[in-house]
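Before any comments, here is the structure.
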Amino acid sequence: MAHQDRSVEERLRVLFAAVPDLVLRIRGDGTFLDFSPSTEFTTYVPPDRFLHRKIHEIMPLDAAETITAGIQRALAMRSRETVEYQLPESGGTRHYEARMIAVGKDDVVAIVRDISRAKEAEAKLLASEQRYRELVDNSQGLICTHDLDGHLTAVNPAAAVSVGYDADELVGMNLRDLVASRVQHEVGPYLKRIREVGRDSGILLVNARDGAQRYWTYANSLKIPAFGDPYVIGHALDVTDLKRAEHAARALARRCAAFYREGPFGLGSFDSSGTIVEANAHLASLAGAASGDALVGQNWSDEAWVEHLLTGKRIAGDVISFPGGGTARLTGWPLEDPTGTVSGAEFVAEAAT
């Protein structure tokens, strides 16, 4: 037995000398029996103040209880135990990791490493991730991620609100189930472009929960992390209101064009030289011309009413004569360029009664 004890002691001495970390031999009751100093940091108190004394006499209560619990587990389970604890030191709080293993009946060897830098890096990473999460969650832009098969893996609140879902409801949904049925066939080619080119952009028509359709303009890019599967991060804006305004503007333009062509009034305009640049069919009829196109290019600058408009004055319901014959009741107004200079005029004519 004595020979075995000496053998254990010898192996421990070799271990103490070989390991650059702080190595402590501690009895089950918490008494420090021996140590080997670290080459990277000093002990919490000098050796003459902790050797042959108990943990609770030396260390703060939280650290002492954490280490003691680890010792008791290592002895009871004959297992390797790892604990982390903090110590207040002159330069601030330091973080340590102690890996313990039972030796003999009632002793453990603890290998202690200063992990303060790792903890600081971890805290910075967590803070960075938190800032990123807050940015994504509070962004008014629509942000999501999906895998290369089109399954959504994360969705920010703005994107979920746009289509009337909770974010958790969208996670796992495939893009094919979100887009409008008439554009579902475009999802496959989109995923192919993402895989081959690494990015894609355009306008996506999606279905909201209430059955309404929303327009998203998107710019998505492929991300290939060092670890884990590739994924796509998507950024989009809900441009539904803009699209509706565009549709309304086009409809209004069509109605205006129809009114211009077929309405009961003669409509026309001329430039700053008095040359006709626009004329509809009804104006041609009032002016005795074959068509509106026949009037375009004619110069009417000699007409008093044209000269009146080109001096920046309005005409309101005056009866005028056209160069080719015919009279009409005319309302006209000058046009100005950004500098305030008269650049021409527009007018509406109707038959004089």
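The values are calculated or read from the model by the stated rules, or taken from the named source; none is laboratory data. Computed from a prediction, not measured in an experiment: that's the story for all the values here. Note that each Cβ is placed from the backbone with ideal geometry, even for glycine, and that neighbours are counted across all protein chains shown.
Just a few scattered comments:
- In the set ASP229, ASP241, ASP200, ASP210, only one residue is touching a Lys or Arg at 6+ places or on another chain (Cβ under 6 Å) and charged (D, E, K, R); that residue is ASP200.
Okay, residues lined up against (1) in the same structural domain as ARG214 (by TED's automatic domain parsing); (2) modelled with pLDDT under 95; (3) outside any helix (DSSP H, G or I):
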residue: ALA248; (1), (2), (3): no, yes, no
residue: CYS256; (1), (2), (3): no, yes, no
residue: ILE276; (1), (2), (3): no, no, yes
residue: PRO323; (1), (2), (3): no, yes, yes
residue: PRO334; (1), (2), (3): no, no, yes
residue: THR339; (1), (2), (3): no, yes, yes
residue: SER343; (1), (2), (3): no, no, yes
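- Among the residues making up the stretch 331-347, a single one is buried (at least 17 other Cβ atoms within 10 Å of the Cβ) and closer than 20 Å to GLU262 by Cβ: PHE347.
- Of all residues in the stretch 23-40, none are hydroxyl-bearing (Ser, Thr, Tyr), in contact with a Phe, Trp or Tyr (Cβ under 8 Å, 6 or more places away or on another chain) and at pLDDT 90 or above.
- Just one of (1) of a type outside the set (Asp, Glu); (2) in contact with a Lys or Arg (Cβ under 6 Å, 6 or more places away or on another chain); (3) surrounded by 19 or more Cβ atoms within 10 Å (Cβ to Cβ) fails for ILE276. It is (2).
- Look at (1) modelled with pLDDT under 95; (2) more than 17 Å from GLY325 (Cα to Cα); (3) surrounded by 13 or more Cβ atoms within 10 Å (Cβ to Cβ) and you find that LEU286 fails only one, number (2).
- Hits in the stretch 32-74 - residues which are among the β-branched types (Val, Ile, Thr) and free of Cβ contacts under 8 Å to residues at least 24 places away in the same chain: THR39, THR42, THR43, VAL45, THR66
- HIS185 vs. criteria outside any strand (DSSP E or B) and not assigned by TED's automatic domain parsing to the domain that holds ASN280: yes
- Selection within the stretch 300-315 - closer than 10 Å to GLY332 by Cα and in a loop (DSSP other than H, G, I, E, B): LYS313, ARG314
- Single condition LEU205 does not satisfy, out of (1) exposed (fewer than 12 other Cβ atoms within 10 Å of the Cβ); (2) on the phi < 0 side of the Ramachandran plot: (1)
- Boolean, THR82 is over 30 Å from ASN220 (Cα atoms), at pLDDT 95 or above and surrounded by 15 or more Cβ atoms within 10 Å (Cβ to Cβ): no
- Some residue of the stretch 252-266 being in contact with an Asp or Glu (Cβ under 8 Å, 6 or more places away or on another chain), surrounded by 11 or more Cβ atoms within 10 Å (Cβ to Cβ) and within 22 Å of PRO323 (Cα to Cα): yes
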